[in-house]
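Below is one structure, written out as structure tokens, with a few remarks after it.
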Amino acid sequence: MNIQINGRMVPLDDSLRDTPLLYILRNDLALNGPKYGCGLGECGACTVLIDGVTARSCSVNAASVVGKSVTTLEGIGNAEHLHPVQQGFIDEQAAQCGYCTNGMIMTLVALFEREPQADEQTIKQELAFNLCRCGTHIEILRAAERAKQ
Ligand code: FES
């Protein structure tokens, strides 16, 4: 079984077919951007893009992404060339504990691909299912606005 992750074809043992994608990303491929939060598809900490659409990687098994393109936080930018959403989070110091940050960023990346000038109401609706328990919501919204510029 081969799956495409961040533009690279990754061979995986067939025994991993039913394994949650999140476990493979973190445990087998050392892609630790996606976080394990609830494990139930509810918190958004594990968000990745599958063919450009947000998905909860804790609730998707490996076999279901064969033939599709998976993008993780590590695939949207790097230390030399951060994605504008990543840069916005840094500039606005939009993380406290940082556990939700992956999901917030990946959700905004997908939104701005579809709708580069999404208004605040749309941004709030899009982020509504990414849980943050620290309270950096204002900074996260500022980071989103900054990323649009
Ligand atoms: Fe996947 Fe919470 S860990 S949605």
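Observations on the model:
- Hey, Gln87 open to solvent by 40 Å² or more (accessible area, probe 1.4 Å) and under 12 Å from Glu139 (Cα atoms) or not: no
- Residue within segment 56-74 that is near the ligand (Cβ under 9 Å from one of its atoms), surrounded by 21 or more Cβ atoms within 10 Å (Cβ to Cβ) and not in a strand (DSSP E or B) present: yes
- Residues that are modelled with pLDDT under 95 and either more than 14 Å from the ligand (Cβ to nearest atom) or part of a helix (DSSP H, G or I) (or both) within segment 105-136 comprise Cys134, Gly135, Thr136, listed in sequence order.
- Test: residue in segment 10-27 that is closer than 18 Å to Ala128 by Cα and among the small types (Gly, Ala, Ser): no
- For segment 47-83, a tally of residues being of a type outside the set (Val, Ile, Thr), within 13 Å of the chain's Cα centre (by Cα) and at pLDDT 95 or above returns 11.
- Residue in segment 95-104 that is in a loop (DSSP other than H, G, I, E, B), over 26 Å from Lys148 (Cα atoms), more than 15 Å from the ligand (Cβ to nearest atom) and open to solvent by 10 Å² or more (accessible area, probe 1.4 Å) present: no
- Residue within segment 128-149 that is in contact (Cβ under 8 Å) with a residue 12 or more places away in the chain and under 30 Å from Asp13 (Cβ atoms) present: no
- The condition (being open to solvent by less than 50 Å² (accessible area, probe 1.4 Å), within 16 Å of the ligand (Cβ to nearest atom) and without any contact (Cβ under 8 Å) to a residue 24 or more places away in the chain) is satisfied by just one residue among Ile50, Ile24: Ile50.
- Any chance Cys43 is among the hydrophobic types (A, V, I, L, M, F, W, C), open to solvent by less than 30 Å² (accessible area, probe 1.4 Å), in contact (Cβ under 8 Å) with a residue 60 or more places away in the chain and touching a Leu at 6+ places or on another chain (Cβ under 6 Å): yes
The values are calculated or read from the model by the stated rules, or taken from the named source; none is laboratory data. As the structure is a computational prediction, the values presented were derived from the model and not from experiment. For neighbour counting, all protein chains shown are included, and Cβ atoms are generated from backbone atoms with ideal geometry for every residue, glycine included. Surface accessibility is based on the protein's heavy atoms, side chains included, excluding ligands, DNA and RNA. Shrake-Rupley method; radii C 1.70, N 1.55, O 1.52, S 1.80 Å.
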